[in-house]
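*Asks:* First the structure, then my questions, so here it is.
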Number of protein chains: 2
Amino acid sequence: MPPPGKTRPTSRDVAREAGVSQASVSLVMGGKWQGRISAPTAERVREAARSLGYRPNLAARNLRTGRTRTVLLVVPSLTTHFFAGVHTGAARVAAAHGFSIVLYPSPAGVGPARDPFASAPAALDGVLASSMAAQALTVLRGDRLPLVMLDSEPHTSPGAATVNLDIADGVRRVAGHLLGLGHRRFLHLRADVPSWTFGQRARALEARLAEARDATLATAVSPMTAEGGRAAVEAALTAPGPRPTAVVCDDDLLAVGAYKAARRLGLRIPRDLSVTGVDDQVLAVALEPELTTVRLDAELTGERGMEALLSVIDGRAPVTHDIPVDLVVRGSTAPPPPPLAAAP
Amino acid sequence: MPPPGKTRPTSRDVAREAGVSQASVSLVMGGKWQGRISAPTAERVREAARSLGYRPNLAARNLRTGRTRTVLLVVPSLTTHFFAGVHTGAARVAAAHGFSIVLYPSPAGVGPARDPFASAPAALDGVLASSMAAQALTVLRGDRLPLVMLDSEPHTSPGAATVNLDIADGVRRVAGHLLGLGHRRFLHLRADVPSWTFGQRARALEARLAEARDATLATAVSPMTAEGGRAAVEAALTAPGPRPTAVVCDDDLLAVGAYKAARRLGLRIPRDLSVTGVDDQVLAVALEPELTTVRLDAELTGERGMEALLSVIDGRAPVTHDIPVDLVVRGSTAPPPPPLAAAP
DNA sequence: ACGCTCACGTTATACGTAAAACGGAGGAGC
DNA sequence: GCTCCTCCGTTTTACGTATAACGTGAGCGT
């Protein structure tokens, strides 16, 4: 269909073919010909474009309009279930508005000091950033690009919209649930990832447990892998002193490690040990027993974030969204075993 | 740092500041000033650029050079473990070469008929496409863009590189492993996804089992979810006639469903039923017992694919890569239970 | 018959950059 | 003293599009 000449046809070629000016082609292809171009002429242009296989040159359009209809999504890792979901939701909204998403390739975690633009990604209209420290904000704002932060440290920068996931509340409810079951000795399995969100979870757990005056909290730190979680929990559970009866994990993936540790130590879940996670991935129901966890709606987060970003790009005032978080109680939590002293 | 004037500084502004021409700025910023600009002048330009906070306008550069250093990655879904890995690998290579990746937002699976360019994504230098039918190829080739296919139907199009994952071989090895254990009645849990790769798996399994003259194969089809897999397997295992002793699943996720079905039917894995998957996700080791599965190296696939694409973009001849596939034997496979007739 | 509006296009320009084509000055060679 | 390089830049042009500014002829009221 395209002419044997190797270069792509331009709007001028279409204009010549249709017997109109280049400007008319631009108007018709841009869909803004209402009352400027007659219907028959518009149809002739479209026909010419079709026969030549014309496709507008996006680079030229971007230069001319100063817009690219492309946004950057900054996430630590796509292999993390949550961020993949965020992308899915964001992509859905973006596609509906004719926007493309460029993913920032973030080598091993987005630290505060990294400059997402160092590697000069494509020309952008805005940025959607996940789990960032407030400090990173200043770097990002340096470009005065529309910016939306997801599940990130609260900040006071004007003009930046945010989408909050109240994971702290989820963690509080986990703690409340376990306290209600009678647990008093807790282990927090914390992800060894320099992301604001994990610090927030730790603080929420500490605060909630502090309310119950007799609760104790130990902390184990692990890289975000099942094997790391197993090692950390196994070490913590075999340490001297009274053993924790509940393990609160920063993520479902870490909970898998807790399950493995329990199995190796001969502890049964939930009879001997209660375990909880965060995220509610497929993993949570693959485990046996199924995992009590905090459900995060990643796709909704991505959708709301992209909506907020598009609205900032369109010049509307930045808004703040809150995404609800759910406690999903399944089979991995139960009352703690009776203290040894109480045995007959 | 940027001037109070709201528009971004251009190369002309930098030129004025440094007392040189715009062309010199372009040369210096482009790094091609060897022997054309003196070192002190180049330094003066860089200093001016720094003080103004100058960043080249990518849209203008793209228009001028006809290149965008941006490629499109077409995958059915990022929430699928495998494709997230492909992206990770591809992104690593892309970043190392200063390329950005745009993800094609593919609503519910990329069918052969879909045109990835219908929604006009950003200007592109090439396309990396996963699990496509050969038919889709012609659509993609319509744009004469450099193209690399991953794990896709063999084709004869000249100029398109491919990265093959020999999953068929993996499935054959699974079948051989199970036959060796003594299994003869098989159930294939097939993913209800219109992707070439799943058809290939089915054919490979059929062919391998046909070699063992006395083996029988039933097929259950399920959407790619754990719950769907459970329902399909439960139905298949309770159907009249001799019960299969081994379930070969198209994906680890479906194997989760097989585990759940087995549990509900009171069958123990692997004593009463052997189960296998494909992919070797975290899921595989989260299951109890751990899953025997075909390991796919998604990141390597993405890396090789992106390397091949970049080399085609650079005008080198397209190459074909083969990614090795491994059978990982874990605890979910064992000899079949003795036939009832053999019981005392 | 004159000006006005309206419907339908066209002409001209700018976006910011890369790079080809074009000097000018200061030596080297003879 | 003349040419010829070499070094260090500059001038100029083109990329393909969107859009502001500008006709132009027909219809119409007076």
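*Asks:* Magnitude of the Cβ-charge dipole of the range A:11-56, K/R +1 and D/E -1, about the Cα centre, nearest 20 debye?
*Replies:* 120 debye
*Asks:* Follow-up. Would you mind getting me the FRET efficiency between A:ALA207 and A:ARG36? Use the beta-carbon distance for r and R0 = 51 Å, nearest 0.05. Let's see the in-between values first.
*Replies:* Numbers: r = 63 Å, r/R0 = 1.23.
Once rounded, the FRET efficiency stands at 0.20.
*Asks:* Determine the shielding of peptide A:249-255 by partner chains: average, over its residues, the number of Cβ atoms on other chains within 10 angstrom of each Cβ. Kindly include the intermediate steps, with their values, before the conclusion.
*Replies:* Details: counts 0, 0, 0, 2, 2, 0, 1.
That works out to 1 on average.
*Asks:* In addition: Whose amide H sits under 5 Å from the amide H of A:LEU327, counting only residues 5 or more places off or on another chain, with H placed in the peptide plane?
*Replies:* Long-range HN contacts for A:LEU327: A:ARG295.
*Asks:* Please compute one quarter of the surface area of the Cα convex hull for the protein assembly as shown and express it in square nanometres. Spell out each step's value before the answer.
*Replies:* Values: hull surface 155.0 nm².
If you wrap the Cα atoms of the protein assembly as shown in a convex hull and average its projections, you get 38.8 nm².
*Asks:* If you put +1 on each Lys and Arg Cβ and -1 on each Asp and Glu Cβ, how big is the dipole of chain B around its Cα centre, in Debye rounded to 20? Please report the intermediate quantities before stating the final value.
*Replies:* Values: 38 positive and 32 negative charges, 202 e Å.
Around 980 debye, computed over chain B.
*Asks:* Of all DSSP beta bridges located in the protein assembly as shown, what percent are antiparallel, nearest 5? Kindly include the intermediate steps, with their values, before the conclusion.
*Replies:* Working: 9 of 84 bridges.
Of the beta bridges lying entirely in the protein assembly as shown, close to 10 percent run antiparallel.
*Asks:* Calculate how many DSSP beta bridges within the range B:248-344 are antiparallel, expressed in % of all such bridges and rounded to the nearest 5.
*Replies:* On the way: 3 of 8 bridges.
Around 40 percent antiparallel, to the nearest 5.
*Asks:* Between B:ASP251 and residues 5 or more places away or on another chain, which pairs have amide H atoms under 5 Å apart, with H built 1.01 Å from N, and which residues are they?
*Replies:* Here B:VAL278 satisfy the definition.
*Asks:* Within 10 Å of each Cβ in B:259-269, how many Cβ atoms from other chains are there, averaged over the peptide?
*Replies:* Details: counts 2, 4, 0, 0, 1, 0, 0, 0, 0, 0, 0.
Other-chain Cβ atoms within 10 Å of each residue's Cβ, averaged: 1.
*Asks:* Normalise the Debye intensity by I(0) for the range B:11-56, one equal point scatterer per Cα, no solvent, then take log10 at q = 0.14, 0.18, 0.24, 0.32 Å⁻¹ and round to two decimals.
*Replies:* -0.24, -0.39, -0.72, -1.28
*Asks:* Could I ask something else about it? Using Cα springs under 10 Å in a Gaussian network model of chain B, which residue among B:ALA90, B:ALA15, B:ALA231 shows the largest mean-square fluctuation?
*Replies:* Highest fluctuation of the listed residues: B:ALA15.
*Asks:* Within 10 Å of each Cβ in peptide A:272-284, how many partner chain Cβ atoms are there on average? Round it to a whole number, please.
*Replies:* 2
*Asks:* May I pose another question? Within chain A, what's the longest run with no trypsin sites (Lys or Arg not before Pro) in a DSSP loop and at most 10 other beta-carbon atoms within 10 Å? Give the range, please. Don't skip to the answer; put the middle values down first.
*Replies:* On the way: sites that count: A:LYS6, A:ARG213.
My reading of the result: A:7-212 is the longest stretch.
*Asks:* Taking 0.36 nm per residue of separation and subtracting the Cα-Cα distance, what length does fully extending A:VAL329 through A:GLN22 add? Don't skip to the answer; put the middle values down first.
*Replies:* Values: separation 307, 0.36 × 307 = 110.52 nm, distance 6.35 nm.
Computed gain between A:VAL329 and A:GLN22 is 104.2 nm.
*Asks:* Compute the signed sum of charges (Lys and Arg +1, Asp and Glu -1) over the other residues within less than 12 Å, Cβ to Cβ, of A:ARG67.
*Replies:* Details: positive: A:ARG61, A:ARG64, A:ARG69; negative: A:ASP125, A:ASP314.
So the environment of A:ARG67 carries a net charge of +1.
*Asks:* Taking amide hydrogens as modeled 1.01 Å from N in the peptide plane, which residues meet the under 5 Å criterion relative to A:ALA160, leaving out close sequence neighbours?
*Replies:* Residues meeting the criterion, in which the H sits 1.01 Å from N, do not exist here.
*Asks:* Something else now. Over the Cα atoms of the range B:155-218, each weighted equally, I'd like the Debye log10 I(q)/I(0) at q = 0.14, 0.22, 0.29 Å⁻¹, rounded to two decimals.
*Replies:* -0.47, -0.91, -1.31
*Asks:* Name the most mobile residue of A:LEU209, A:LEU187, A:LEU63, meaning the one with the largest mean-square fluctuation, in a Gaussian network model of chain A with Cα contacts below 10 Å.
*Replies:* A:LEU63
*Asks:* State the Kirkwood hydrodynamic radius of chain B in Å, one decimal place, computed from all pairs of distinct Cα atoms. Please report the intermediate quantities before stating the final value.
*Replies:* Numbers: mean 1/r = 0.0433 Å⁻¹.
It is 23.1 Å.
*Asks:* Further, regarding this structure: For chain B, what is the mean residue ellipticity at 222 nm derived from helices alone (per DSSP H run of n ≥ 4: -39500 (n - 2.57); sum divided by total residues; nearest 500 deg cm²/dmol)? Could the numbers behind the result be given before it?
*Replies:* On the way: 12 runs with 140 residues, N = 344.
Taking each H run of at least 4 residues, the total per residue is -12500 deg cm²/dmol.
*Asks:* Anyone know which of B:ALA239, B:ALA175, B:ALA123 comes out most mobile in the 10 Å Cα GNM of chain B?
*Replies:* Greatest mean-square fluctuation among the candidates belongs to B:ALA239.
Since every read-out is calculated from the coordinates, none of them should be taken as a lab result. What you are looking at is a predicted structure, and each value in this text was computed from that prediction instead of being measured. Counting neighbours? That spans all protein chains shown, and the Cβs are built from the backbone with ideal geometry, glycine included.
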